[in-house]
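Notes to accompany the following structure.
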Amino acid sequence: SADAALHQAKAKGHGSLRFFSHEMGRRARDRLALEADLRGARARGELALHYQPQVDLRSGALVGLEALIRWHHPARGNVPPNDFIALAEECGLIVELGDWVLQTACRQIRYWSDAGLAPRHTAVNISAVQLSRGGLPEAVKRAIGATGIRPDQLELEITESFVMLERELSFQSLAELRAFGVRLSIDDFGTGYSSLSYLQQLKVHKLKIDMSFVRDMLKNAGNAAIVKAVIALGHSMGLEVIAEGVEDVEQARFLRGLDCDAVQGYMISKPLPAPEAGAFLAGFGGAGFSV
Ligand code: C2E
Ligand code: MG
Ligand code: MG
Ligand code: MG
């Protein structure tokens with residue numbers, strides 16, 4: 001951490017403190033530069049959504065897609081969302097970025113619907129900051145209204161951290177969106193500040209088991225127990241449960257044995273650019289995926 005680094009630098013004397021300050025300055029400048037670049041990224045056409053399939057474990061049908069943002073920086077190449085979403089949240093850009101994600105996803109759903117290819121639901125990730133700023137229900141309704149898709153074709157993935165910011169407003173917004181017909185799902189379930197009473201009040205449709213539990217559930221009994229418990233909890237509340245980050249068939253079989261509803265992960269496909277996702281949807285028609 002920065003504190004630990006500072007402590008170490010102080011302990012080593014002035015030379016390393018100077019190095020440390022230099023390093024801090026470089027990082028701060030780097031961050032500012034990235035922020036400035038991100039501000040123009042949308043207008044320069046550097047952003048795209050990729051789509052990752054979700055498959056039902058019982059029928060083998062492709063039941064959903066998750067839209068994931070991609071930023072192709074002209075000099076840095078692909079910048080992963082984990083390297084710029086937090087930055088966009090801190091500088092407020094996430095609201096504009098989030099609007100773009102909603103509009104783009106809804107247009108794509110419309111396009112696939114017209115082609116007879118749209119899956120039941122397409123999910124977009126919503127930041128806790130988008131929710132706490134207010135205006136999310138309006139933004140979602142605008143995107144749905146402009147494209148004429150059905151509200152239940154859109155699923156919003158929220159993380160448990162939303163309860164940390166402007167809880168009342170966030171709760172109200174989610175209730176309004178749910179009443180409008182949009183689907184709600186809790187992302188990375190089990191990693192955040194989960195409170196079962198929030199879960200009950202919110203009436204989400206779906207839980208996504210975080211991939212950190214899925215990754216080594218076959219070797220780690222503790223993680224297997226968590227996965228099992230989340231599936232049982234979700235089902236007892238009438239929710240759909242999907243596992244994220246499923247990379248091989250052994251994991252999928254194990255999950256099917258636990259009555260998990262669906263899987264998403266590299267075993268099925270990586271997130272794909274829209275045209276390839278469309279081809280995937282077309283090729284999948286009827287074929288199914290069996291584990
Ligand atoms: P997430 O919503 O939990 O998305 C799942 C992440 O896991 C994605 O990373 C996906 O590419 C990756 N993944 C999927 N299957 C596998 C697998 O089998 N193995 C492994 N190792 N990874 C897998 P990605 O696209 O880099 O996104 C990272 C995070 O960034 C997302 O986590 C989400 O929190 C955030 N994010 C992405 N797009 C958006 C967006 O449009 N808006 C907001 N607010 N956040 C976004
Ligand atoms: Mg997600
Ligand atoms: Mg997740
Ligand atoms: Mg995540």
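In table form, for the structure just shown:
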| read-out | value |
| --- | --- |
| Meets criteria (outside any loop (DSSP other than H, G, I, E, B), surrounded by fewer than 16 Cβ atoms within 10 Å (Cβ to Cβ) and not basic (K, R)) for E168 | yes |
| Of all residues making up the range 212-233, the number that are crowded, with 17+ Cβ neighbours inside 10 Å, in a helix (DSSP H, G or I) and within 16 Å of ligand 1 (Cβ to nearest atom) | 6 |
| Segments classed as strands (runs of 3 or more DSSP E), wholly inside the range 55-156, with at least 1 members that are over 20 Å from Q264 (Cα atoms) and in contact (Cβ under 8 Å) with a residue 40 or more places away in the chain | 77-79 |
| From the options F280, F189, residue that is surrounded by 14 or more Cβ atoms within 10 Å (Cβ to Cβ), in contact with a Pro (Cβ under 9 Å, 6 or more places away or on another chain) and within 30 Å of T104 (Cα to Cα) | F280 |
| Filtered residues of the range 152-187 (kept if acidic (D, E), more than 14 Å from A67 (Cβ to Cβ), within 16 Å of ligand 2 (Cβ to nearest atom) and touching a Lys or Arg at 6+ places or on another chain (Cβ under 7 Å)) | none |
| Filter result for E160 (at pLDDT below 95 and not aliphatic (A, V, I, L, M)) | yes |
| Condition check for S195: of a type in the set (S, T, N, Q), touching a residue at least 24 places away in the same chain (Cβ under 8 Å) and either crowded, with 22+ Cβ neighbours inside 10 Å or within 19 Å of Q52 (Cβ to Cβ) (or both) | no |
| Matching option when the condition is among the hydrophobic types (A, V, I, L, M, F, W, C), over 14 Å from the mean Cα position of the chain (by Cα) and farther than 25 Å from V246 by Cα, among A128, A115 | A115 |
| Within the range 241-260, tally of residues that are within 16 Å of ligand 3 (Cβ to nearest atom) and buried (at least 21 other Cβ atoms within 10 Å of the Cβ) | 8 |
| Unique match (being touching a Gly at 6+ places or on another chain (Cβ under 8 Å) and surrounded by fewer than 18 Cβ atoms within 10 Å (Cβ to Cβ)) among A115, A86 | A115 |
| Unmet requirement for A139, which otherwise passes all of (1) touching a strand residue (DSSP E or B) at 6+ places or on another chain (Cβ under 8 Å); (2) at pLDDT 95 or above; (3) under 25 Å from L199 (Cβ atoms); (4) of a type outside the set (F, W, Y) | (1) |
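Yes/no matrix, rows are residues, columns are (1) within 16 Å of ligand 3 (Cβ to nearest atom); (2) on the phi > 0 side of the Ramachandran plot; (3) over 16 Å from the mean Cα position of the chain (by Cα):
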position	(1), (2), (3)
W100	no, no, no
T104	no, no, no
R107	no, no, yes
R120	no, no, yes
V124	yes, no, no
G134	no, yes, yes
A143	no, no, yes
A146	no, no, yes
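The values are calculated or read from the model by the stated rules, or taken from the named source; none is laboratory data. Just so you know, these numbers come straight off a predicted model, no measurement behind them. Counting neighbours? That spans all protein chains shown, and the Cβs are built from the backbone with ideal geometry, glycine included.
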